[in-house]
Amino acid sequence: QPVKGLDVGCHTGRLAVPLARAGCQVTGIDSSRFHLKLAEDHARQEGTQCQWIKGDAFQRIGRMQPESFDMVVCTEVLYQRRDFTEDMKKLSALVRKGGFLATSHRSRFFYLTKSITEKDYETAKRLLSASEGEVEGSYFNWQNSKQLKDLYAGLGLEVLKITPIGTVTGNGDEGMARLCNLSERTEIEREALFDIEMHPAEEFTSLGRYLLAIGRKPGKLF
């Protein structure tokens, strides 16, 4: 039977569509009708299908049947959520025994480099002793690898991997883009940079634009 997956905050289907193409039965949720239209077009171009749901993602999943998915993915969403720990509980509740949860989180290093490049030293100093708060007038939270391991363990999930994404590269006006802006690199250069960033060097552990955490709920899936 196909793996049943849920992409919470699916945006334009960047993850949902490849998962569907790989044979998963995928449901994507997003609050933006525009994003969902692009996701639907993306799926059609790739010759596959997903179920798309428009609405507030965390209100929607709060009404879903517990343990109804083999895999739940939530990327580039939680770092803007004030109640992200409660959101993580909702995500975990949807995962079947033996199933997987994958989430992405901003790192402290990301905001630190951004503040320093913008010469906002007051914010940079505040980042050193806090794990959430206002940055440039908006709320954000950030974690290191230990905090994520503790968070996943508190949900009863076995941590399989925590991987930094974008340890030496950035996009747009991000602080790390001053070091290496991906939009200015050739495809060959981007592939080389990807290989470098995927190196399991210990000093990379809590760096990166994001940290990707993957956990497994104890039990047998099939």
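Would you mind calculating the relative contact order of the chain from Cα pairs under 8 angstrom and at least 6 residues apart, reporting the percent as a whole number?
20 percent
Just how large is the dipole of the chain about the Cα centre, in debye to the nearest 20, putting +1 at every Lys and Arg Cβ and -1 at every Asp and Glu Cβ?
840 debye
Mind checking the per residue accessible area of the chain for me, 1.4 Å probe, whole number of Å²?
54 Å²
Mind checking the dipole of the stretch 88-146: about its Cα centre, +1 per Lys or Arg Cβ, -1 per Asp or Glu Cβ, Debye to the nearest 20?
Once rounded to the nearest 20, the dipole reads 520 debye.
Between their Cα atoms, which of Lys37/Lys89; Lys97/Lys161; Lys125/Lys161 are more than 26 Å away from each other?
Cα-Cα > 26 Å for Lys37/Lys89; Lys125/Lys161; rest within.
With axes computed from alpha carbons, what is the tilt in degrees of helix 187-197 against the longest principal axis of the chain, rounded to the nearest 10 within 0 to 90?
90 degrees
Among the aspartates and glutamates, which fall within straight-line cross-link reach of Lys114, defined as a Cα-Cα distance under 18 Å, with same-chain neighbours fewer than 8 residues apart omitted?
Qualifying aspartates and glutamates at Cα under 18 Å: Glu76, Glu122, Glu132, Glu134, Glu136, Asp173, Glu174.
Need the full-extension length gain, Glu203 to Leu179, defined as separation in residues times 0.36 nm minus the C-alpha distance. One decimal, nm.
Here the answer is 6.9 nm.
Within the accessible area of the stretch 127-215, what % is carbon and sulfur when the probe is 1.4 Å and the other protein chains stay in place?
Percent of accessible area from carbon and sulfur atoms in the stretch 127-215: 55.
Return the calculated 222 nm mean residue ellipticity for the chain, to the nearest 500 deg cm²/dmol, obtained by summing -39500 (n - 2.57) across DSSP H runs with n ≥ 4 and dividing by the residue count.
Calculated from helices alone, the mean residue ellipticity at 222 nm is -9500 deg cm²/dmol.
Need the list of aspartates and glutamates near Lys54 for cross-linking: C-alpha distance under 16 angstrom, and skip anything on the same chain fewer than eight residues off.
Answer for Lys54, where 16 Å is the Cα cut-off: Asp7, Asp30, Glu40, Asp41, listed by chain and number.
Nothing charged except the Cβ atoms of Lys and Arg (+1) and of Asp and Glu (-1): what's the magnitude of the dipole of the stretch 119-222 about its Cα centre? Round to the nearest 20 debye.
540 debye
As I understand it, the value is the acute angle between the Cα axis of helix 84-93 and the longest principal axis of the Cα atoms of the chain; what does it come to in degrees, rounded to 10?
Taking the Cα atoms of the chain, the angle to 84-93 is about 30 degrees.
Within the stretch 135-222, list the trypsin sites (Lys or Arg not before Pro) lying in a DSSP loop whose Cβ has at most 16 other Cβ atoms in a 10 Å radius.
Arg185, Lys220
Which label belongs to the value computed from this structure, given these candidates for semi-axes √(5λ) of the Cα gyration tensor in Å: (1) 33, 20, 15; (2) 50, 19, 15; (3) 29, 21, 18?
(3)
How many percent of Cα pairs in the stretch 134-188 exceed 18 Å?
56 percent
I'd like the orientation of helix 145-154 relative to the chain: the angle between its Cα long axis and the longest Cα principal axis, in ° from 0 to 90, rounded to 10.
Here the helix axis deviates by roughly 30 degrees.
The values are calculated or read from the model by the stated rules, or taken from the named source; none is laboratory data. On a predicted model such as this, the values are computed, not experimentally measured, just so you know. With ideal geometry, Cβ positions are generated from the backbone for all residues, glycine too; neighbour counts draw on all protein chains shown. Note: accessible area is taken over every heavy atom of the protein model, side chains too, but ligands, DNA and RNA are not part of it. Shrake-Rupley method; radii C 1.70, N 1.55, O 1.52, S 1.80 Å.
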